[in-house]
Every structure is written in structure tokens, then in C-alpha cells.
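Take a look at the structure below.
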Amino acid sequence: MTHETTPPEESTTAGSAPETDVRRRTATVRGIELGRARPEIIVPLVEPDEESLLEQAAAAVGTRARVMEWRLDRFRPDLEDVTDHLDAVLAALPRLRGQLGPDKALLVTFRTAAEGGARTISDQNLGILLENLISGRRAGTQAAVDLVDIETSRDPAMVARVIAAAHRHGTVVVGSFHDMDSTPAEETMVEILRSQRRLGVDIPKLAVTPRSSRDVLTLLSASLTIAEDLSGPHIAISMGSLGASSRAAAETFGSAATFATVGAGSAPGQLAAEDVARMLELLRP
């Protein structure tokens, strides 16, 4: 669930002005505090069937990544019926949760075709899918799903229902927006992230496509502006090979997490998880 840190404290030394101990709001799942210190590495799990999914999860567990993203839109592409697909997802969830173990967090994401995903889905069926995953917790047990992604450009009523359901069940909400064609103006990106926060999501997420090196700088500047709001963790990514540097420089510019691969990736420009882990350490400010 979301965790707000203690308020800022002030300390003084003789002959000096007060120094503010600036503390950020964070989001904590399974003891993993997003928004504090080194960004977390999120590994997408994109395999199309249950056995290969579990194999990829086992490989991901062996890295320093602590959050795994199950890309539901890439799972069981042979099942076109939404009910059959939902049943297959719910059937695979317990084995996947067991494979990850108690210390790795699970983020579930259905990335729609409009934002770079592999499937289309109606707003109604997307809400049903995500709410089933959020509410699948058995009494007296820890939830299988720790974080849920919701595209904030979808139907506002459905987005609000998913956010409310997640918070009732103690699930952290990642509110996402992907521009697969361009990098918007800096003020536009800042407003997207702030508007996601106003919707009630715990971790706003923005991923954009650069057409020049200056586009990457624009994304990083927007990320830094949001970090300076001190309103909670966010994720900001410039995609593709041109934007790869934004993944390694996440901490410098305030992003709480970055995505990296174990096997097949989920978006252009993703780097291998262990390579990203080493770069994050080398580039720590």
C-alpha cells in the first residue's frame, strides 16, 4: 500500500540557516520502497504460455530486479475470447506468484494496442480483468498482485473504479500513459504526470518516443520537475535506443523505477537487467 514518510524536519547549526531534511512520499510493497534511493528495476514477463512464463520468471528472480511486470496482453495470444483469456490468467497467477517467492513484487499490466501493447480490449472488459486480479486475495493471506497498471487515457469512470478497488485491497496503482510516436512538450508531460496524481494513482508513469537527443533531455527535465514536487514516486522513460540513457539515469532525474529485460523485452530500448543494475550503481549521484 502507499506509505507517506514523516514530515520534513529542520536542524540548525551555530551561525547557519536552518537545513531542511527533505523527505519524499513513497510507495511500499513487500518491503520494497519505491521513491527512495536507488530506482527499482522492473522486469517485464512477456512469454505467451504458462510454462515459458514460469521459466522467464525463474530467470528474472536470479537478477537484482525486485519487481516483475506480468504483461497480460502478451499472455495466451491464442485465446481471443476475453472470458477464456481471463480464466487462463487467473489459473496461471498462483504458480507465477509461487515462482517469484515472497520477496519479489508483482505488477500486472494489460498494455493495450493503442499504447504499444499486443491486444485490444474494451474499457468494460479491461476493468473486469484488473478488478478480478486485485480482488483475488484469500482471507488471511498476502495478495498475489502487489501493483496494478491502469492506462489513464481510458474511460474515466472505469479508471476511477480500478483505482478505488486497488486501494480497498491495499494494491499500489501505477497510472500509465505511452506516446509511441513522439515526445510532447515539457509542460505537457509535466501536466500528464500531475493529472495522473490527481486521479489518485500512487505512481504516475509516462513513456514517450524521442525523435532527437533534445527530446530525451526534455523528458528528463519533465521528470526532474515532477520529482521536485515531492508529491510521491513517478516513472518517466524515453523509449527506443535513443532514449536508453534515460533508463540508466533514472535516479539523477527522479524516476522511481526503470524497466529492463531478462530474455524478451516489452518495449523498444530496454536493456538487460544486470547491465542496468550495474549502471545504476555506477551513476549514483
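The values are calculated or read from the model by the stated rules, or taken from the named source; none is laboratory data. All values reported here derive from a predicted model rather than from experimental measurement. Here the Cβ positions follow ideal geometry from the backbone for every residue, glycine too, while neighbour counts run over all protein chains shown. Ligands, DNA and RNA are excluded from the accessible area calculation, which covers all protein heavy atoms including side chains. Shrake-Rupley method; radii C 1.70, N 1.55, O 1.52, S 1.80 Å.
Angle, helix 123-134 long axis vs. longest principal axis of the chain, Cα atoms, 0 to 90°, nearest 10?
Tilt relative to the chain: about 80 degrees.
Ignoring ligands, DNA and RNA, what percent of the 1.4 Å accessible area of the chain is carbon and sulfur?
Values: 6420 of 12460 Å².
The nonpolar share, carbon plus sulfur, comes to 52 percent.
Can you give me the Cα centroid spacing of region 164-230 and region 19-97 in angstrom?
Rounded to whole Å, the Cα centres lie 20 Å apart.
Kindly express, to the nearest 10 degrees and within the range 0 to 90, the angle between helix 156-168's C-alpha long axis and the longest C-alpha principal axis of the chain.
The two axes meet at around 80 degrees.
Hey, what did the chain get for relative contact order, percent, Cα under 8 Å, at least 6 apart?
Numbers: 562 pairs, mean separation 55.2, N = 285.
Value for the chain: 19 percent.
Name the residue from Phe253, Val46, Ala27 whose Cα lies farthest towards the positive end of the charge dipole of the chain, charges +1 on Cβ of Lys and Arg and -1 on Cβ of Asp and Glu.
Checked the options; the winner is Ala27.
Treating only the Cβ atoms of Lys and Arg (+1) and Asp and Glu (-1) as charged, compute the dipole magnitude of region 22-150 about its Cα centre; round to the nearest 20 debye.
Dipole size: approximately 1060 debye.
What are the extents of the Cα atoms of the chain along their three principal axes, listed from largest to smallest and rounded to whole Å?
Rounded to whole Å, the extents work out to 69, 47, 39 Å.
Which percentage, to the nearest 5, of the DSSP beta bridges contained in the chain is antiparallel?
Working: 8 of 40 bridges.
Approximately 20 percent, going by the DSSP bridge assignments.
Once the dipole of region 132-274 is set up with Lys and Arg at +1 and Asp and Glu at -1 on Cβ about the Cα centre, which of Ile192, Ser212, Ala244 lies farthest towards its positive end?
Looking along the dipole axis, the top candidate is Ile192.
If you stretched the chain out fully between Glu228 and Arg211, how much longer would it get, using 0.36 nm times the residue separation minus the C-alpha to C-alpha distance? Write down the numbers at each step before the final one.
Working: separation 17, 0.36 × 17 = 6.12 nm, distance 2.61 nm.
Using 0.36 nm per residue and subtracting the Cα-Cα distance, I get 3.5 nm.
Write down the percent of antiparallel bridges among all DSSP beta bridges whose residues are both part of region 27-145, to the nearest 5.
Working: 3 of 13 bridges.
The antiparallel fraction comes to roughly 25 percent.
Placing unit charges on C-beta atoms (Lys and Arg positive, Asp and Glu negative, everything else neutral), compute the dipole magnitude of the chain about its Cα centre in debye, rounded to 20.
On the way: 30 positive and 40 negative charges, 100 e Å.
For the chain, the charge dipole is close to 480 debye.
Around Glu55, with a cut-off of 12 angstrom between Cβ atoms, what is the net charge of the other residues, counting Lys and Arg +1 and Asp and Glu -1? Numbers along the way, then the final one.
Numbers: positive: Arg95; negative: Glu47, Asp49, Glu50, Glu51.
Counting the neighbours of Glu55, the net charge comes to -3.
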